[in-house]
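Dropping the structure in here first, questions after.
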Amino acid sequence: MSDASTTARSGILLVEDDPRVSGSLVRGLGEAGYVVSVTATLGEAHAQLDSQTPALVILDLGLPDGDGVQVLRRLRQEGARVPVIILTARDSVVQRVAGLDEGADDYLAKPFSFPELLARVRARLRTARQEAEAFVLQVGDLEIDRLARRVRRGGRGIELTAREFDLLAYLAANAGFPVSRDMLTRDVWHVSSRATSMDKIIDVHMSHLREKLEGGSDRRLIHTLRGIGFMLSETAP
Ligand code: CA
């Protein structure tokens, strides 16, 4: 789970110990075109999440080896924004609120109608896709995922320090526009007044970032604008 780029993100994980419920859900969701994997215990669910990040989780709370809310808690602690729909017989307001407090996106009390579940699955997947897209910036063959803090160029992953990432994300958010050293001092380093020493720090970071991004490639992405600052752009200004 730590590196989502090396794990597949697909399908729905259904955590449910009642075989009648899971059987009918797998059938219905399968007919609607979703790939569903089922785990009947907390232990199996954790093992599954070790190897794969699903696109959505449907979670029963009453499991034979513990409370399903632990699955939800784990996902949120790891920072995973996977939508989670809680499915349970416990239809008390207190428990509903508790589930939502833990970061559940939706809640359905049993017995539920399948069309309603399907509608909610669709809605949650749509929202998740829109959120993910909003977090990804693209400049030429450079892709910056601001949520996962991952950078790829031409499909190849690039390791950056936290500051280099912040610097790049800032340049990318302003792609095609000049970014001054004053802006970087204020918005990336969060220092109120710029001193000469700040310029040197910016230049060192910029040079490391360029090295990592551009490497042996002759396709420059970060351009220096003399007397102005920098600009991230696919084409030279
Ligand atoms: Ca159960």
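If you go through region 10-26, how many residues are under 29 Å from the mean Cα position of the chain (by Cα) and either within 11 Å of the ligand (Cβ to nearest atom) or outside any strand (DSSP E or B) (or both)?
Residues flagged as under 29 Å from the mean Cα position of the chain (by Cα) and either within 11 Å of the ligand (Cβ to nearest atom) or outside any strand (DSSP E or B) (or both) within region 10-26 amount to 8.
Follow-up question, since we're still on this one. Among (1) out of contact with any helix residue (DSSP H, G or I) (no Cβ under 9 Å at 6 or more places or on another chain); (2) assigned to a helix (DSSP H, G or I), which single condition is H208 missing?
Just one mismatch for H208, condition (1).
Scan region 124-150 for residues that are of a type in the set (A, V, I, L, M, F, W, C) and under 21 Å from A55 (Cα atoms) and jot them down.
Listed by number, the residues that qualify are L125, A128, A132, A134, F135, V136, L137, I144, L147, A148.
Right, another one. Tell me whether region 20-41 contains one or more residues that are of a type in the set (D, E, K, R) and crowded, with 18+ Cβ neighbours inside 10 Å.
Looking for residues that are of a type in the set (D, E, K, R) and crowded, with 18+ Cβ neighbours inside 10 Å, one finds none in region 20-41, hence no.
For region 54-167, list the helices (runs of 4 or more DSSP H) that sit wholly inside it and hold at least 3 residues that are surrounded by 18 or more Cβ atoms within 10 Å (Cβ to Cβ); which are they?
So the answer is 69-77, 114-135.
Here, each number is a calculation from the coordinates, and none is a lab measurement. Here the structure is a predicted model, which is why all the values come from computation and not from measurement. We place every Cβ from the backbone using ideal geometry, glycine too, and count neighbours over all the protein chains shown.
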